[in-house]
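Notes for the one structure printed next.
What follows draws every value from the coordinates through simple rules; no lab data is involved. Keep in mind the model is a prediction, meaning the values are calculated, not measured. Glycine also receives a Cβ, built like all others from the backbone with ideal geometry; neighbour counts cover every protein chain displayed.
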Amino acid sequence: MPDLRYHLISLISVFLALAIGILLGVAVADQGVVTDSLEGQITEVQERFSEQQEAIAVRDRQIERLQERTVVNERLMVGMSEAINAGTLTGLEVAVVSGPYSDGETVSGVLEALDLAGAEVTAVEELPSPTLPGEVTSASETTTPLQGDYLDLAEAVATEPGDASVPPQIVIFVGGGEIPANAPSGTLDALNEAEAEVFDLWNDYGIRVVGAEPTSPGRSEIALFQSAGLPSVDNADTPAGLAAVITLANSDQDGSYGTKDTASDPFPTPE
């Protein structure tokens, strides 16, 4: 019996050793599989990262080339604008009037273009913005104080010779601009009515009026220019737009020009 018990214990020990060996072998094998899987995933992520880095580098090179082309195109447009504008308004008197919320840089660009074109600028005026409700309303349903102020300024522009010794033959009106939230209620309608009367007054004096506004004016006045029968340019903050303004000032062409949906053509016919 003692020998049998000894053999049984030995057999059990052998089987236990085999079982432990098998378990350890499986664990090691599984660990290898897991390690290979992780390494594969890491490799895939690294490859994707490299591809993204290369795509970013390609995009950056494309952006750089586009920026270089844009600079070249802008220089070309400036040169073309200067060539078109140079001296075309020599001997003509021009006034520049801007709306109350118009873009100052666009006004400056128009003045520079007029100087290049050789125009004699007779006046540079800005219509005042209404600040009180009474300026845009009228209890008697006649002319509002705003309309009265605008008409007075418009008549002064049309009749006072300034440094040119004669009244202007042309008025460039720079409009557009976002109406501030604190403006009196009814400002938009009052502005449209007052400016329409201003345009009528200038037309009655036989002055050619050209409407202009920047590409992103906040509030477009092209529809108002069209209803008043004025030729207009909707991208007067660009070299092409400034060239269009000068071309319209020096011709009898009508229509709306520029890049917006309201434009009939990109550019008036050079004369």
Label-point separation in nm, A156 to S185, each point 7 Å along Cα→Cβ
3.2
Please list 56-63, 124-131, 210-217 highest first by mean number of surrounding beta-carbon atoms within 10 Å per residue.
210-217, 124-131, 56-63
Computed FRET efficiency, Cβ-Cβ of T269 and S216, R0 22 Å: what is it to the nearest 0.05?
0.25
Calculate, in nm to one decimal, what V166 and E64 gain on full extension: separation in residues at 0.36 nm each, minus their alpha carbon distance.
31.6 nm
Say each of A223 and E178 gets a label point 7 Å from the Cα, pointing the same way as Cα to Cβ; how far apart are those two points in nm?
1.9
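Quick one: V198, V171, fewest Cβ neighbours within 10 Å first, how do they rank? It would help to have the intermediate numbers written out before the result.
Values: V198 25, V171 28.
If I rank by nearby Cβ atoms, fewest first, I get V198, V171.
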What is the fewest-to-most order of L132, L242 by other Cβ atoms lying within 10 Å of their Cβ?
L132, L242
Counting only the backbone N, which residues of segment 190-222 are under 18 Å from the spot 7 Å out from the Cα of D252 toward its beta-carbon?
203-210
Inter-probe distance in nm under a simple model that places probes 7 Å from Cα toward Cβ, at E47 and E126
6.3
Ranked D252, D200, criterion: other C-beta atoms within 10 Å, fewest first
D252, D200
I need the calculated FRET efficiency for the pair A196 and T259, taking r as the beta carbon distance and R₀ as 25 Å, to the nearest 0.05.
0.50
Extension length gain for T137 and E112 (0.36 nm per residue less Cα distance), in nm, is 5.3 nm
Computed P(r) (all Cα pairs; segment 87-257; 5 Å bins; percent):
2, 9, 19, 22, 21, 14, 7, 4, 1, 0
